[in-house]
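Undergrad: Please find one structure pasted underneath; my questions will follow.
Since every read-out is calculated from the coordinates, none of them should be taken as a lab result. Please read these numbers as outputs of a predicted model, since none were measured by experiment. Neighbour counts run over all protein chains shown; Cβ positions are idealised from the backbone, glycine included.
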Amino acid sequence: MDKILKIGIVGCGAIGKDHCRRIMETVPGATVVAVSDYVAAAADETAAKYGIRSYGSDCKGMIADPEVEAVVITSIDPTHHDYVMETLKYEKWCFCEKPLSQNAKDCEEIMARELEIGKKLVQVGFMRRYDRGYAEMKRIIDSGEIGAPLLIKACHRNVSQGPGFKTENGITNVAIHELDICRWLLGDEYEDAQCVRVRQSSNSNKGYDNPQVVLLRTKKGCFIDVEVQVADGYGYDIQCEVVCENGTVKLPDPYAVVRRSRPDPAKDPGETMPIMTDWKERFIEAYDIELINWVASVNAGAITGPSAWDGYVACVAGDACNASRGTSQFMKVETIEKPELYK
Ligand code: NAP
């Protein structure tokens, strides 16, 4: 009989519930056997929906459960490091939503534990690598058909943020996706990084910078700029264009029907295209492919997706961005030497 991976989920918020549904309904070769959350009621509600075990707020108890073979971590960012380390205590497989942690030092500890075990057990939820648009951009860049890449112009715009959001989280929680996808697209590493404060939007007067601009230079000399708006007042809008020597590649907008009709000067411009506001919809297919691939690779005995090293590099770049804020200086993106395990 085919292997069925038994998964436990830590964190039953927005993406925790979504991944639970995905694993139960869409991902072959896996099932969720237990859930937990800081708030016991959230775990109980998700467990009741699928008739599975709730550990309530006993997240560590759930990780220790011998029936749980793999742990999906979908709790809030500051909790990731501790739950990953707890999972590695039992040498279990771990899928950790981005970011792997909120700073590089924590990620080094995770890698040190993996090196001690001698096996990659952790995959990080950088799902954009599984998006058809980004994948096709990478295929074209790697083919060399339009020459070497020179520049990336990207933007990450979110509608709004929850309470407690801080300026640094614009990097550690939001732009972390770009910090991963840009080095993946280019097949290059960062040399240095800078975060620039620009004119502030009246959409955000809640104590955090919005927008911010992230500037990165790579070892091969590419230049990247990423506009980071965490409260844009209109939608979830992700853009990316890579300028190469003999052409460009650009991320397509998500599938949406363009409607054309007789214009009404008062309320209808005649041509409209819906704008998404929910990240769950924008990358829905990428999340499916990501978890399908993760389960297949775990069941085959070796993970193939973004590793703890990738989570670490994104955090090193993120630390440099946050350290540079207000200095008008580029900060070096200095990683430790890449261990053999991640090569
Ligand atoms: P969310 O809706 O706030 O869900 C997080 C859940 O974790 C909440 O139920 C929260 O409880 C719970 N929690 C808080 N502290 C905890 C603790 N110490 N132990 C266990 N559970 C705890 O947030 P979300 O949007 O689902 O995001 C969850 C994670 O996924 C974040 O790290 C985020 O960066 C990541 N994410 C990734 C993507 C992606 O594109 N890959 C998209 C969305 C989110 P309370 O409500 O009581 O705090």
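Undergrad: Would you call Ser160 free of Cβ contacts under 8 Å to residues at least 12 places away in the same chain and out of contact with any His (no Cβ under 9 Å at 6 or more places or on another chain)? Before the answer, list the steps.
TA: Details: free of Cβ contacts under 8 Å to residues at least 12 places away in the same chain: no; out of contact with any His (no Cβ under 9 Å at 6 or more places or on another chain): yes.
The answer is no for Ser160.
Undergrad: Scanning the stretch 46-77 for residues that are basic (Lys, Arg) and part of a helix (DSSP H, G or I), which turns out nearest to the ligand (Cβ to nearest atom)? Explain how you work it out, then say what you get.
TA: Residues of the stretch 46-77 that are basic (Lys, Arg), as a first pass: 49, 53, 60.
Applying the additional criterion that residues be part of a helix (DSSP H, G or I) yields 49, 60.
Working: Lys49: 15, Lys60: 9 Å.
This residue is Lys60.
Undergrad: Scanning the stretch 134-189 for residues that are of a type in the set (Ser, Thr, Tyr) and out of contact with any helix residue (DSSP H, G or I) (no Cβ under 6 Å at 6 or more places or on another chain), which turns out nearest to the ligand (Cβ to nearest atom)? Walk me through it before giving the result.
TA: Let us first name the residues in the stretch 134-189 that are of a type in the set (Ser, Thr, Tyr), namely 134, 143, 160, 167, 172.
Subsequent filtering for residues that are out of contact with any helix residue (DSSP H, G or I) (no Cβ under 6 Å at 6 or more places or on another chain) retains 143, 160, 167.
Numbers: Ser143: 27, Ser160: 12, Thr167: 16 Å.
So the residue we want is Ser160.
Undergrad: Any idea how many residues of the stretch 94-138 are assigned to a loop (DSSP other than H, G, I, E, B), on the phi < 0 side of the Ramachandran plot and more than 19 Å from the chain's Cα centre (by Cα)?
TA: Quick first cut of the stretch 94-138, residues assigned to a loop (DSSP other than H, G, I, E, B) only: 97-103, 118-121, 125-126, 131.
Then keep just the ones that are on the phi < 0 side of the Ramachandran plot; that gives 97-103, 119-121, 125-126, 131.
Cutting the leftovers down to more than 19 Å from the chain's Cα centre (by Cα) gives us 119.
Selection size over the stretch 94-138: 1.
Undergrad: Related question: Has the stretch 81-93 got any residue that is of a type in the set (A, V, I, L, M, F, W, C) and in a strand (DSSP E or B)?
TA: Residues of the stretch 81-93 of a type in the set (A, V, I, L, M, F, W, C): 84-85, 88, 93.
Retained after the next criterion (residues that are in a strand (DSSP E or B)): 93.
Looking for residues that are of a type in the set (A, V, I, L, M, F, W, C) and in a strand (DSSP E or B), one finds at least one in the stretch 81-93, hence yes.
Undergrad: Condition first: within 12 Å of the ligand (Cβ to nearest atom) and without any contact (Cβ under 8 Å) to a residue 60 or more places away in the chain. Now tell me which residues in the stretch 19-40 satisfy that.
TA: Those that are within 12 Å of the ligand (Cβ to nearest atom) and without any contact (Cβ under 8 Å) to a residue 60 or more places away in the chain: Cys20, Val35, Ser36, Asp37, Tyr38, Val39, Ala40.
Undergrad: Right, here's the next one. Conditions first: (1) in contact (Cβ under 8 Å) with a residue 40 or more places away in the chain; (2) touching a Phe, Trp or Tyr at 6+ places or on another chain (Cβ under 9 Å); (3) in a helix (DSSP H, G or I); (4) surrounded by 20 or more Cβ atoms within 10 Å (Cβ to Cβ). Ala43 passes all but one, so which condition is the exception?
TA: Single failed check for Ala43: (1).
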